[in-house]
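Visitor: Once you've had a glance at the structure underneath, I'll fire off some questions.
Derivation of every value follows stated rules applied to the coordinates shown; laboratory data play no part. A quick note: this is a predicted structure, and the numbers were derived from the prediction, not measured. Cβ sites come from the backbone with ideal geometry, for glycine too, and all protein chains shown count toward neighbours.
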Ligand SMILES: Cc1cc2nc3c(=O)[nH]c(=O)nc-3n(C[C@H](O)[C@H](O)[C@H](O)COP(=O)(O)O)c2cc1C
C-alpha cells in the first residue's frame, strides 16, 4: 500500500486526529392518492404494519436473492420498504429523525426508486419524500434494460420489481464534518441497505444489494451531477419465485 493508492488517500484524507478534527411533521396522506403540487405529482404511501417475526429469525433468514417472480410488488410492501429505508420514525427538537442512523443527523441520502413491476405505481423513476411518506414521480417509463446495462449486465435487473438507488448529496454532511463526511456517507449507505434487506426478509419478498454499476451512466439516468450529488449503492427488490 502506498500514498498513491486512491483508497489509502481517501482513508487518510478523511481521517481525524487530536489536532485535526472534522468538524413537518409526518403528514399521513390517503394511500395511493395522487396529488399535484404545481408540476409535481406526489403519491401517498401506506403506513407500515408491524410484523410478528423476531429480529433474530429475520437476521438468520436474510439471504441475497437475484431471481424474482413475475408477480408485481405489493403497494403495502413497497411502502413499508421505503419507510424501513428512510422513513421518519421520531423527532428531536422538532426535526425529523429517520429509520437509519446518520452522522450528526445530517441525512445526506436521497432515495430514488425505479419501478418495474409494482401495484399502483406505474413503471418509472420516483423519489421518496420521507416527511410526507410519499413518492414524487420524476419520469415515467421502463428503465429495466438501461439499468441492466448500467449494472454490468447483471440478470437480476430483468426480473426485479423495483430498484432502489441510494444517492448522497455530500455537502449536507461535509458541511459539518469536512472530508470525513465522505466516510460517513458510505457507512450510512450500509445502514440503509441493511434496513431494506431485513425488512425485505420480514415481508417475505427478496432483494440483493448492488455495488457493481457504471457510476456516470447511473447518475446521468437519474439526473445527478456525480460530484456534489451521486449514486452510491443500489438495492434490487422483487417477489420471490415459488
Ligand atoms: C457492498 C456490496 C456490494 C454488492 N454488490 C453486488 C452486486 O453488484 N451484485 C450481486 O449480485 N450481489 C452483490 N452483493 C451481494 C453479495 O454478493 C452477497 O451479500 C454475498 O454473496 C453474501 O450472500 P448473502 O447476502 O446471501 O449472505 C453485494 C454486497 C455488498 C455488501
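Visitor: Give me D for the chain in µm² s⁻¹, whole number, from Stokes-Einstein with Rh from the Kirkwood sum over alpha-carbon pairs, 25 °C and 0.890 mPa s.
Guide: For the chosen part, D equals 131 µm²/s.
Visitor: Compute the Cα gyration tensor for the range 135-227, then decide on rounded, prolate or oblate, letting a ≥ b ≥ c be the square roots of its eigenvalues: rounded whenever a/c is under 1.5, prolate when a/b is larger than b/c in the other cases, and oblate in all that remain.
Guide: oblate
Visitor: Output the peptides 89-99, 135-145 sorted from most to least packed, where packing is the average of other Cβ atoms within 10 Å over each peptide's residues. The partial results should precede the final answer.
Guide: Working: 89-99: 12.8, 135-145: 15.7.
Per-residue mean Cβ counts within 10 Å order the peptides as 135-145, 89-99.
Visitor: Give me the base-10 log of I(q)/I(0) for the range 179-242 at each q in 0.25 Å⁻¹, Debye formula, one uniform scatterer per Cα, rounded to two decimals.
Guide: Log-scaled intensity ratios, in q order: -1.08.
Visitor: Still on this structure, I have one more. Just from its helices, what would the mean residue ellipticity at 222 nm be for the chain, if runs of 4 or more DSSP H residues each count -39500 (n - 2.57) and the sum is divided by every residue, rounded to the nearest 500 deg cm²/dmol?
Guide: That calculation yields -9000 deg cm²/dmol at 222 nm.
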